[in-house]
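Input: a single structure, listed below in structure tokens.
The values are calculated or read from the model by the stated rules, or taken from the named source; none is laboratory data. Nothing here was measured: the structure is a model prediction, and the numbers come from that model. Here the Cβ positions follow ideal geometry from the backbone for every residue, glycine too, while neighbour counts run over all protein chains shown. Note: accessible area is taken over every heavy atom of the protein model, side chains too, but ligands, DNA and RNA are not part of it. Shrake-Rupley method; radii C 1.70, N 1.55, O 1.52, S 1.80 Å.
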Amino acid sequence: MSDQAILSAPGAAAEYDSAPATKVRGYWQSVAYRLSHDWITLIFGAVVLVIILIAVFAPLLAPFDPYAQSIVGRLKPMGWRGHPLGTDELGRDMLSRLIYGGRISLIMGLAPVAIAVMIGGTLGVIGGFAGKVANTAIMRTMDVFYAFPSILLAVAISGAMGGGIFNGIISLSLVFIPAMCRVAETATSQVKNLDYIEAARASGAGTFAIIRHHVLGNVLGPVFIYASSLVSVSILLASGLSFLGLGVQPPEPDWGLMLSTLRQSIYVDPLGCAMPGIAIFITSICFNLVSDGVRAAMDVRI
Amino acid sequence: MSAALDIKPYVDVRDRGGSAQPMLIVRDLKRHFRVKGAGKGAVVRAVDGISFTLFKGETLGVVGESGCGKSTLARVLLHLVEPDSGELVFDGDAVAAPDGISVAELRRQVQMVFQDSYSSLNPRMPVQDSVAFGPMVNGRSKSESRRLAQEILIKVGLRPDLFGPRYPHELSGGQKQRVNIARALAMNPRMVILDEAVSALDKSVEAQVLNLLRELKRTLNLTYLFISHDLNVVRYISDRVLVMYLGQVVELGPASLVFSEARHPYTQALLGSRLSMDARQRVDAPPLVGDPPSPINPPSGCRFRTRCPNAEGVCEAKMPELGAWDGRDSHVAACHMQDPASGHSKAGLH
Amino acid sequence: MFGYIIRRILFALPIAIGVSIVCFSLVYLAPGDPLQTVLPPDATAETIAIVKHEYGFDRPVPVQYAIWLWHVVQGDFGRSIASRRPVTLEVFGSLANTAMLALFAVPVAFATGFAMGAIAGCYPGRILDRIVTGAAVIGVSLPNYWLGLVLVIVFAVEYMVLPASGMGKSGSAAFSLWRWSDAQFLVLPVVTLTMIPIGIIARTTRAAVAEVRSQEFVTTLRAMGLGEGAVIRHVLKNASPQVLAVMGLQFGYLMGGSILVETVFTWPGSGFLLNKAIINRDIPVLQGTILALSLVFVATNLVVDLLQATLDPRIRRA
């Protein structure tokens, strides 16, 4: 690029005078910048990371076999024979079960949301971009599922299909798909009629290229924000299903299921009964606060 | 310089019809929109039977109040909005006809620049990618498109190393509009539709962008359809002017004639409502009063009669014709006063 | 306005039909022969033949749906596999008990949540706002059935001031709100139920109030010399439609989502019935309860939309 070319360009001089050498920062860079100054989100994000690491390395961290039962050592208090948090109603080590329980609880929290993002997000983008008929067909179907309170729909589907992790994930995905679809559809139809989409069409771009380059970038943000807020809901709903005897089945260690079985001995060992709930609560509040922080950081006006 | 931009005047291989063949011929173009909640079968006649000819190398200004169908006209010309009926002939080839050119081919040769607004550029894309997007989806490689984008940014007066990686919110209105122009030019068009392209800009910036547009038109041998509600801007840039009212053409002619000897009362009123620093340019016609009537149920006969100081019985009974238009220099208006045989009391006075 | 009401009802009808289709298909989601799922395991061949004919299990699925819907519209959901009683009786008895919980939880949750959110929204960034925001996050992150357990541990096990579960000696039929020996059974379930709605309503109200406060008309009001109290009244009025929409949803959740809390307190409501139906694999009861609860939810949304339209004239035109 020669200076000659620049100077000969029409109207060039005027723009250069008014162009300060600003530092150029992309959208994701500014989101990262904001997050790095939000210490609440950073702290709770670190806790989330620790919870995930504990779940991943559970076999290394757990002091006992979470399935090993003991008839003599039932419902023992903290510190009994090297059990840091005592034992449960079948004499299994509480701490080990809590550590292993994080694995299933995190899977039940993340898998349905991921499935809903993929299926619901795709349906929403199709619904937002396609013609009226496809949009009506997709969105009215979603409205029907939206007409159930979320826990009721999850209970109905799991209740009919029977318990188990797999059925639990399916029913929770079905709960989240309609909401995710709505978020994606709203974002898509807002973007769809903007001038730059029309300009892209005017330059001969096909629907697929427009969606890939101009729509997805603007839809992923809201979808991601919404999905992050669903993780904690999903963890709560999943443990609720297990608590009802749907979802995870014994003898798997799962926080919701542990609450349900320890409940029988609430009068004998109230503290042990409360512990799985504390684990659920900590995980869910950390995901909630991180989601709030991410939402605030991504709400950059551009 | 890339091959795409290296065009010397009048040797464009795509110029199939020669300089005498008009760039675009529009015949009786119509587009009505159905409206909800305004009674059964209610339609907005946004574009209602528009015909005109756009010659190669000229700038045709389109003026009218907001809501008269200017923007719909621009979109219908590019088939961004499908026309209900009518015919488009681009450089001798009928558009979207079996033996003519396809809409895709039309869009490769005709580009559009939108009004600068928050939505004219993708907020999540660096502007150089926005400019490179058109060439890229038309089969050029990524690196080639990016190089082309940088060259075009220079042409519109933006240093690519400084402005290319920026996001739209980091640019001023004038800079954004230069990017919009660059995006259109990246497709190497022969014709550009400018829809209120300078309307959102400050007066000083507006003048810079207008001069840029003139310069680009000369160096790149472009043809412009320039849509604006601002009469001063249209006068500055246009060779000929088309005046629209409620989806129809009411006056068409060379810019100098339309502005000095406006024939339609609507044009006269528009000119009368314009602010002018120069006393000699002020017109005696009374300025416009009231809002335009609803385009859903336009008045019978002449659509302007409800606001026209000269309205008579004939105006209500019969829709005036535009008159015989023959060639570039002809000046016509759709008014009964222009037609001595119409029966209007003031007919033939002009 | 009248036209809007009609349109909104016409919009709710297909959703109600869709909801009934989902409930109907629950029979097919269950593993095994759909006929088996609606019959007791010890049914005689004669009963099987009668039910098979009556519900059209030998006919195509759409016909089965039509037959089922026809029964449902007449109030016949079939018979419970476990108790052999008509499903309708079981559902309505339990629905009344759930409604009783909701009726007490709603005013407590709405008033507390709205007050908290309004205070936080009026003093954004201040210490009060921080406390409210923190409490609200805790409210929506708490597993409410666990909170119920903790309340039971504290108030029923440790201090023994409130009963842990059930409806008391008099039972569902003779329960009276005016006797403390009965009414005390309501306290813990109601407190537990209000947690989530308080958190959600406080967060929504705070966001709505903060948004309205940042609008220019509020500055105009101040410029006109209005006192801060009058300004806040205007702000709350403008924030109310948004809050109302969320409150409506929460009422629906209190009715339909109380299954966990009712299970914890063995409160004989619809959620408890649902839980029993799941344990017994009693699909007719499952179907009937879910259909009844989701129709309540659809109706609630309808009422909220109409209320919102009366508050916000812009909605009527949309």
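Return the average number of partner chain Cβ atoms within 10 angstrom of each residue Cβ along peptide B:101-108.
Taking the mean over all residues of the peptide, I get 2.
Given the DSSP H assignment, sum -39500 (n - 2.57) over each helix run of at least 4 residues in chain C and divide by its residue total; what's the result at 222 nm in deg cm²/dmol, nearest 500?
After summing the helix terms and dividing by residue count, I get -25000 deg cm²/dmol.
Less than 13 Å Cβ to Cβ from A:T141, Lys/Arg counted +1 and Asp/Glu -1: what total charge do the surrounding residues give?
0
Note down the net charge around B:M125, summing +1 for each Lys or Arg and -1 for each Asp or Glu among other residues with Cβ under 11 Å from its Cβ.
Once positives and negatives cancel, what remains is +2.
Given the pairs A:K76/C:K276; A:K132/B:K176; A:K192/B:K217; B:K176/B:K203; B:K70/B:K203; B:K70/B:K217, which span a C-alpha to C-alpha distance of over 24 angstrom in this model?
Check vs 24 Å cut-off fails for A:K76/C:K276; A:K132/B:K176; A:K192/B:K217.
Using a ≥ b ≥ c from the Cα gyration tensor of chain C (square roots of the eigenvalues), is it rounded, prolate or oblate, where a/c under 1.5 gives rounded and otherwise the larger of a/b and b/c decides, a/b for prolate?
In terms of gyration-tensor shape, oblate.
Excluding ligands, DNA and RNA, what is the solvent-accessible area per residue of the stretch A:30-298 at a probe of 1.4 Å, expressed in Å²?
Spelled out: the 1.4 Å probe surface of the stretch A:30-298, per residue, equals 39 Å².
For chain A, what is the relative contact order in percent, using Cα pairs closer than 8 Å and at least 6 residues apart in sequence?
About 22 percent, as a whole number.
Give the distance, in whole Å, between the Cα centre of the stretch C:1-28 and the Cα centre of the stretch A:84-153.
25 Å
Quick query: amide H of B:D91 versus all other amide H atoms, modeled in the peptide plane; which residues come in under 5 Å with a sequence gap of 5 or more or a different chain?
Amide H to amide H, under 5 Å and 5 or more residues apart or across chains, B:D91 pairs with B:L24, B:I25.
Express the carbon and sulfur contribution to the solvent-accessible surface of the protein assembly as shown as a percent, rounded to the nearest whole number, probe 1.4 angstrom.
61 percent
Charges only on Cβ, +1 for Lys and Arg, -1 for Asp and Glu: so what's the dipole of the stretch A:30-298 about the Cα centre, in debye to the nearest 20?
Charge dipole of the stretch A:30-298: 200 debye, to the nearest 20.
Quick one: among A:V125, A:V72, A:V290, which has the greatest mean-square fluctuation in a GNM of chain A with alpha-carbon springs under 10 angstrom?
Comparing A:V125, A:V72, A:V290 in the GNM, the peak value goes to A:V72.
Can you list the aspartates and glutamates whose alpha carbon sits under 14 Å from that of B:K318, skipping same-chain ones fewer than 8 residues off?
Reachable aspartates and glutamates: B:D339.
On a C-alpha basis, how far is the centre of the stretch B:58-128 from the centre of the stretch C:58-116 in Å? Whole number, if you could?
Taking the Cα centre of the stretch C:58-116 as reference, the centre of the stretch B:58-128 is 57 Å away.
Between chains B and A, what is the buried accessible area in Å², counting both sides, with a 1.4 Å probe and ligands, DNA and RNA left out, to the nearest 100?
3500 Å²
Select from A:G272, A:G204, A:G91 the residue whose mean-square fluctuation is largest in a Gaussian network model of chain A (Cα-Cα springs shorter than 10 Å).
A:G204
Could you run the Karplus curve 6.51 cos²θ - 1.76 cosθ + 1.60 with θ = phi - 60° over the stretch A:215-226 and give me ³J(HN,Hα) per residue in whole Hz, x for Gly and Pro?
These are the phi-based 3J(HN,Hα) values: 8, 4, x, 8, 8, 4, x, x, 5, 5, 4, 5 Hz.
Between C and A, buried accessible area summed over both sides at probe 1.4 Å, in Å² to the nearest 100?
3600 Å²
What's the angle, to the nearest 10 degrees (0 to 90), between helix A:132-146's Cα axis and the longest principal axis of chain A?
Tilt of helix A:132-146: around 20 degrees.
Between the helical axis of B:173-185 and the dominant principal axis of chain B, each derived from Cα atoms, what acute angle in degrees is found, rounded to the nearest 10?
It is inclined by approximately 80 degrees.
Ordered by packing density, taken as the mean number of other Cβ atoms within 10 Å over each peptide's residues, highest first, how do A:39-49, B:59-69, A:169-179 rank?
A:169-179, B:59-69, A:39-49
Any chance you could give the angle, 0 to 90 degrees and rounded to 10, that helix B:203-220 forms with the longest Cα principal axis of chain B?
70 degrees
Long-range amide H contacts for B:V250: which residues qualify at under 5 Å (H placed 1.01 Å from N, peptide plane, sequence gap of 5 or more or a different chain)?
Residues meeting the criterion, in which the H sits 1.01 Å from N, are B:V243, B:M244, B:Y245.
Would you pull out the residues with amide H under 5 Å of C:F77's amide H, same chain only if 5 or more places away, H placed 1.01 Å from N?
Hits under the 5 Å cutoff: C:V87, C:T88.
Taking the alpha-carbon centroid of each part, what is the distance from the stretch A:192-262 to the stretch C:199-261 in angstrom?
27 Å
Per residue of C:15-27, what is the mean number of Cβ atoms on other protein chains within 10 angstrom of that residue's Cβ?
3
Grab the other residues whose beta carbon is less than 12 angstrom from that of C:V231, score K and R as +1, D and E as -1, and report the net.
+3
Go through the stretch B:265-272 residue by residue and turn each phi into a ³J(HN,Hα) via Karplus (6.51, -1.76, 1.60, θ = phi - 60°); whole Hz please, and just put x for glycine and proline.
Result, ordered by residue: x, 5, 4, 4, 5, 4, 5, x Hz.
Need one number: nm distance between label points at C:M160 and A:I282, each 7 Å from Cα along Cα→Cβ, rounded to one decimal.
3.4 nm
Would you mind telling me which residue in A:T283, A:T188, A:T207 has the biggest mean-square fluctuation in a Gaussian network model of chain A, where springs connect alpha carbons within a distance under 10 angstrom?
Per the Cα network of chain A with a 10 Å cutoff, A:T207 tops the list.
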